[in-house]
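In what follows, a structure is listed as C-alpha cells, so that the remarks can point back to it.
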Amino acid sequence: MDKKAVFDFDQTLINVNSFTKWVAFLLSKSFESGDYKLFYKVSIFFFRRKIIKTLSHQNFKKALIELDVKQDYYELFAIELSEYINQEVLNHLIELNQNNYKIAISSAAPENYLKEFVKKNIPTKEILVIGTIVENNVLNDNFGERKVVNLVKKGFLNPKKEFDILFTDSYDDFHLAELAKEIYLIFPDEVSKNKYEQIFPEKLTL
C-alpha cells in the first residue's frame, strides 16, 4: 500500500497567510510596474471587500484568481514567499518524499501561485498540488471538506481508507484529520489545539 502525507500550506509549510500577502503584492507590484489597469481592478475589489463590504471573501478570491496576471508576477511572488518557509516542515516533506511517500500539498490558497511556489522552492520528486481554482465560472474553494473531495477526485485519497500523515495548523482540516493516522500540529491557535487534543489525542504529534 502506498504511503501518503498531506501538507497544508498557509501557516504550516509557510508561516504566513499567503492570500493576504498576494493581495498586497498585486497592489504594490502593479503600481510600481505602471500596470495601472491591474492596480485599478485590484483596488476596486479590495475597496468593495474591506471598506464597503459588498464583496464576500469567496467572490473576492474568485475575482483575483480570474485576473489576467503576468507570469513573472507569480514567479516573483514565489520568491517573496520563500522568506516565510517553515524549514522544519519542509525538511519533513523532503525526508518523507525520499522515503517514497506520496506527497500532496492541499490549500485554500489560489492554485496559480501555489504551483509556482512549489516549483521554485521544493526540490523533490513529483508532488500533487491542489489549491483553489475557478471551474466553469464557479469557485472551487479547496477548504474544509472540499480538501478531501478534491484529493479523492485526483485519485490521491480513497474516502474509505486512512492515509498516513497530515501536517496542519488548523481545525479547518478536521475532515482530513479524520482520515489521517498521524497528525502533526504546526503552531496551532489555542482553539484548534484544544479541539485536536479532545477529538484526536491518539493521533497527535505535537
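The values are calculated or read from the model by the stated rules, or taken from the named source; none is laboratory data. These figures come from a predicted structure and were not determined experimentally. Because the Cβ atoms are built from the backbone with ideal geometry, glycine has one as well, and the counts that use them run over all protein chains shown. These area figures cover heavy atoms from the full protein model, side chains too; ligands, DNA and RNA do not enter into them. Shrake-Rupley method; radii C 1.70, N 1.55, O 1.52, S 1.80 Å.
Among the candidates Val42, Val16, the residue that is of a type in the set (A, V, I, L, M) and within 25 Å of Tyr171 (Cβ to Cβ) is uniquely Val16. Read through the list (1) surrounded by fewer than 20 Cβ atoms within 10 Å (Cβ to Cβ); (2) farther than 30 Å from Tyr36 by Cβ, then give the number of the only condition that Leu96 fails. If we test Leu96 against (1) surrounded by fewer than 20 Cβ atoms within 10 Å (Cβ to Cβ); (2) farther than 30 Å from Tyr36 by Cβ, just (1) comes out false. Across region 14-26, the qualifying residues are those that are among the β-branched types (Val, Ile, Thr) and open to solvent by less than 70 Å² (accessible area, probe 1.4 Å), and the one among them that is farthest from Phe117 (Cα to Cα) is Val23.
Every residue, every condition in (1) over 23 Å from Leu166 (Cβ atoms); (2) among the aromatic types (Phe, Trp, Tyr); (3) in contact with a helix residue (DSSP H, G or I) (Cβ under 9 Å, 6 or more places away or on another chain), yes or no:
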| position | (1), (2), (3) |
| --- | --- |
| Val42 | yes, no, yes |
| Lys53 | yes, no, no |
| Leu64 | yes, no, yes |
| Asn91 | no, no, no |
| Ile105 | no, no, yes |
| Ala109 | no, no, yes |
| Phe117 | no, yes, yes |
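Scan the helices (runs of 4 or more DSSP H) fully inside region 9-82 and keep the ones with 1 or more residues being in contact (Cβ under 8 Å) with a residue 40 or more places away in the chain. Show your work before the answer.
Numbers: elements: 18-32, 36-46, 57-65, 71-81.
The helices (runs of 4 or more DSSP H) meeting that bar are 18-32, 57-65, 71-81.
Filtering region 27-61 to residues that are closer than 20 Å to Phe117 by Cβ and either open to solvent by 60 Å² or more (accessible area, probe 1.4 Å) or of a type outside the set (A, V, I, L, M) (or both) leaves Ser28, Lys29, Ser30, Lys61.
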